[in-house]
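Rule-based calculations on the coordinates, nothing more; no lab input. Bear in mind the structure is a predicted one, so any value in this text is a computation, not a measurement. Glycine gets a Cβ as well: all are built from the backbone with ideal geometry, and neighbour counts include every protein chain shown.
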Amino acid sequence: MKKLDKASAKERIEKLRELINDYRHHYHVLDESTMSEAAADSLKHELSELEKEFPGLITADSPTQRIAGGIAKGFTKIKHSKRMLSLNDVFDKAEIEAWVKRIQKLQPEVKFKFFSDIKLDGLACALVYKDGVLEKAITRGDGFVGEDVTSNVKTIQSVPLKLNSNEKGIIEVRGEIVLFKADFDKLNAKLEASGEKVYANPRNLAAGTIRQLDSALVAKRPLQFFAYDLMEGEYAEGKNTHLGVYKRLTELGFKTSGVWKAFEDIDSLEENIANWETKRKELKFNSDGFVIKIDDRRAYQSLGIVGKAPRGAVAFKYPAEQSTTKLKDIFISIGRTGAATPVAILEPVNLDGSTVSMATLHNAREIERKDIRVGDTVIVEKAGDIIPAVVEPLIELRTGEEVKYKFPDDCPECSTKLIKLKLEDAVWRCPNNSCPARISRKIQHFAARGAMDIEGMGEKNIEALLNARLITDQADIFKLKQAELEELERFAELSAKNLVEAIAEKKEPELAKFIFALGIRQVGAQTAIDLANNFGSLEKLSEANLENLTEIDGVGEVVAESILAWFGDQENQEMLLKFKEFGVQPKEVKLNSGDGIGSIAGKLSGKSFVITGSLSLSGMSREEAADKIRALGGVFQSSVGKGTTYLIAGGKVGESKLKKAEKFGTEVIDEKELLDLINQV
């Protein structure tokens, strides 16, 4: 991010504080979400970094100097015996190791051991026991003073009303009140059915429940309490390690996360955190990271506190699926169908484990509806786990220098006037079939994996072939010769030979793959399979009429009209003749009926599949798995929807797909179960 001078930094800091304070009030007091927690974390991190750079601008009322939350009306205020602290966030290995280096400087003679526990996404609460009996339950509040919610907390079954101990005096247990994901979905469904307000996430619903004045209503909601610390009493002070405290909490009758562990060194702790990045999605509760502490409690205490946080602990947060950054500029990308898509150029930001510098803005209507401007601070997210998208601008952070974007009238590649195919369409298109950008995208699509899969025909090689005028469309690929390729800078003898051989291998493609590769608008991989299985040959498909096409399940009038328009285009007909001339002959599909229009049923018929994460399917790639599913009659989808039967989750899995699977009742299976399904048939 561009380095700010002191005056600009002061203005930015003030705007960040105002926005974060508004978010905190809604989230912690009103139990409402004005943005995702990941986006808020990103803003807090930016504020913290700016205040480190300009310490003279730190004020007592900055969000970095106080604990999150506030006091809800209707509850008695109680002062905490010891301040309930918050933790500073770290986001990667480098920041963990920088923290270790800082504390090692303060205590160079100590060889630190570490303790970690999964970070629970709930409502922090302190339980005070007198002579083993629950006396008070106090929310975090502002860290110094909380709310007395004793009667409500007593309804939580996992909170012991009496400890498994004969200890006298005061023992204070601190922990997190959470709601399991499955219970959250059930409760939200009931609220929606009765016309009541639904909650954004389990944390908000848990907090909203605890703040109900009617404890009978609270008792109906299956809240859980997970303990993570002992604060008071002689016994607690006698425990020398956090590991020992957790063991004692279990002895006293408290539930803990079960994901806590002590480590001899930081390397083994980091390995454990990496292992849980995917596995945490399988937990019953939400979590976005780990709490890391110095295991020795005496060393932990002696390191002291800085501002709102102890030096001896940090909160590690996994890469966010949302973050904030600056929108520097907007350019138009022309796709193979002529769609003019606005793309945001961003200040690079880490998002879900990768650096993102561009994101889609979808179309002109979306830019206008959301009032997105060049220079805005925007929330960015991973859409469908793959393509980053701009969610919204943070208008509260505007300085007045932001510029409204004017969508161009003409194609930036060929200067043809952009059009809308229908007045109500949101997408502007370049109608010029000879537009250089459209031709390049069409050829890229044709050669890509999932289509013709021609190895060596990547974007840069295609651009080189177009610039040398060796190809003008998809069919020209099949007339390329090794000698003419060797004359280009990008090709040596071996690479030219390999490309020509790779092209030759694709002269008899599967019919469905060839239909998909042609890039007919509205025809995806599954529709291409349906067309191949119903017509059997490209020739019969080209002769089809509207009635023939709309007889096929899943092919409506819009898709049918798009197919008819493609085959009715003179340039496309000329290209098909060139394919024949160059020896390209798609394999015909044997139909079940003799009238030329039939369908091929497979044993996975009626089932639809989505694959997410990184797979290692015994040598089978994701594309090969998709092909196998389709060949057996199944439907392969890019995203989870209402009708999705199975979500195959492997390796690193996107949170959004798992949430959708839970919402739609989609069965989540692993790679082995997918192979079993394929091999059974």
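Odds and ends about this structure:
- Think of it this way: in the chain, Cys125 stand alone, with no other Cys Cβ under 4.7 Å.
- Cα-based Kirkwood hydrodynamic radius, the chain, one decimal, Å: 29.2 Å
- Across Lys197/Lys326; Lys239/Lys317; Lys6/Lys293; Lys186/Lys293; Lys154/Lys197; Lys162/Lys659, pairs whose alpha-carbon gap is larger than 31 Å: Lys197/Lys326; Lys6/Lys293; Lys186/Lys293; Lys162/Lys659
- Principal-axis tilt of helix 37-53 within the chain, Cα atoms, nearest 10 degrees: 70 degrees
- When the chymotrypsin sites (Phe, Trp or Tyr not before Pro) in region 271-313 are filtered for DSSP coil states and for at most 12 other beta-carbon atoms within 10 Å of their beta-carbon, no site remains.
- Computed from Cα atoms, the angle from the helix 622-631 axis to the main principal axis of the chain rounds to 60 degrees.
- Value in Å of the Kirkwood radius, where region 123-213 supplies the Cα pairs that are averaged: 14.4 Å
- Region 1-142: equivalent-ellipsoid semi-axes (sqrt of 5 x gyration tensor eigenvalues, Cα, Å): 29, 24, 14
- With Cα atoms, 0 to 90° folded angle of helix 570-581 axis to the chain main axis: 80 degrees
- Here r is the Cβ-Cβ distance between Lys406 and Arg298 and R0 is 60 Å; the resulting FRET efficiency, rounded to 0.05, is 0.40.
- Considering all C-alpha pairs of region 138-279, those separated by over 23 Å amount to 48%.
- Computed per residue of the chain from DSSP H runs no shorter than four, each worth -39500 (n - 2.57), the mean residue ellipticity at 222 nm is -10500 deg cm²/dmol.
- Charge tally in the Cβ shell below 12 Å around Arg438, where Lys, Arg are +1 and Asp, Glu are -1, Arg438 excluded: +2
- Too-long pairs where the Cα-Cα distance tops 20 Å, listed order kept, from Lys506/Lys672; Lys93/Lys261; Lys328/Lys404: Lys506/Lys672
- Convex hull volume of region 484-586 per residue (C-alpha atoms, cubic angstrom): 114 Å³
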